[in-house]
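Notes for the one structure printed next.
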Amino acid sequence: DAKTTQPTSMDCAEGRAANLPCNHSTISGNEYVYWYRQIHSQGPQYIIHGLKNNETNEMASLIITEDRKSSTLILPHATLRDTAVYYCIASNDYKLSFGAGTTVTVRA
Amino acid sequence: EPEVTQTPSHQVTQMGQEVILRCVPISNHLYFYWYRQILGQKVEFLVSFYNNEISEKSEIFDDQFSVERPDGSNFTLKIRSTKLEDSAMYFCASSATPRRGGGLEQYFGPGTRLTVT
């Protein structure tokens with residue numbers, strides 16, 4: 001799996017959009033970009049994934065650059081319950097390699 | 001909404017004892033996984049399982065570990081002779097078949113906290 005780089009932490013104001021960047025400059029053509037989050041010590045929660053095109057679901061939007069070397073996860077209206085560690089993972093198989101992720105703190 | 005369940009939520013065992021961690025994946029899913037997370041560390045992949053056999057395993061998943069799908073609903077992780085360093089949160093996950101667009105999202109259970117004393 002390609003290595004991903006994320007900021008260690010970021011703060012976000014409640015009600016505002018949270019934009020979480022991820023670099024994956026060595027991603028290969030068949031690797032998907034997955035985003036998961038982990039709230040406290042709960043099991044990781046799937047958010048969204050994509051290959052080339054931008055994706056949106058009820059939780060978030062995923063913007064992947066044209067060269068696929070980076071992506072941004074957008075939480076459109078962050079709430080206090082979105083406080084979590086967010087993981088960006090590049091993978092082409094059934095194994096997920098979690099890094100340290102970005103600790104996102106949503107503040108009232 | 002369907003979810004992955006795991007039992008027990010917390011297991012305490014003595015070093016050298018065998019433990020079995022149990023998982024009930026989402027019912028129509030075909031791919032099953034175990035991960036672990038030592039306190040304060042990253043989530044680590046252990047093993048993936050498909051069509052009644054291991055499809056991939058990590059270096060952590062040595063001969064002390066085994067997985068089984070004993071019936072149509074359960075998926076188990078057995079640690080034969082536990083060590084202190086096996087203390088961790090163990091997460092089970094499952095996936096359906098790949099979507100038409102590709103990719104395979106995994107749905108995780110709440111975890112079993114294993115404490116080896």
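The values are calculated or read from the model by the stated rules, or taken from the named source; none is laboratory data. None of the values given here were measured: they were computed from a predicted structure. All Cβ positions, glycine included, derive from the backbone under ideal geometry; neighbour counts span all protein chains shown.
Here are the numbers for the structure shown:
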| quantity | calculated |
| --- | --- |
| Failed item in (1) within 14 Å of chain A (Cβ to nearest Cβ); (2) surrounded by fewer than 17 Cβ atoms within 10 Å (Cβ to Cβ), with B:E85 passing the rest | (1) |
| Conditions (1) without any contact (Cβ under 8 Å) to a residue 60 or more places away in the chain; (2) under 18 Å from B:F91 (Cα atoms); (3) at the interface with chain B (Cβ under 10 Å from one of its Cβ atoms); (4) crowded, with 17+ Cβ neighbours inside 10 Å; number of the one not met by A:E55 | (2) |
| Given (1) away from every other protein chain (no Cβ under 14 Å); (2) crowded, with 16+ Cβ neighbours inside 10 Å; (3) modelled with pLDDT of 95 or more, index of the condition A:A2 fails | (3) |
| Qualifying residues in the stretch B:88-97 (those that are within 15 Å of the chain's Cα centre (by Cα) and of a type in the set (S, T, N, Q)) - the one nearest to the other protein chains (Cβ to nearest Cβ) | B:S95 |
| Residues located in the stretch A:15-46, provided they are away from every other protein chain (no Cβ under 14 Å), in a strand (DSSP E or B) and among the aliphatic types (A, V, I, L, M) | A:A18, A:L20 |
| Qualifying residue in the stretch B:94-115 (condition: of a type in the set (D, E, K, R), in a strand (DSSP E or B) and over 20 Å from A:S41 (Cβ atoms)) | no |
| Per-region count, the stretch B:55-73, residues surrounded by 14 or more Cβ atoms within 10 Å (Cβ to Cβ), polar (S, T, N, Q), more than 9 Å from chain A (Cβ to nearest Cβ) and part of a loop (DSSP other than H, G, I, E, B) | 1 |
| Residue within the stretch A:63-70 that is of a type in the set (S, T, Y), away from chain B (no Cβ under 14 Å), outside any strand (DSSP E or B) and over 11 Å from the mean Cα position of the chain (by Cα) present | yes |
| Evaluation of B:L30 against (1) more than 10 Å from chain A (Cβ to nearest Cβ); (2) modelled with pLDDT of 95 or more (one fails), failing number | (2) |
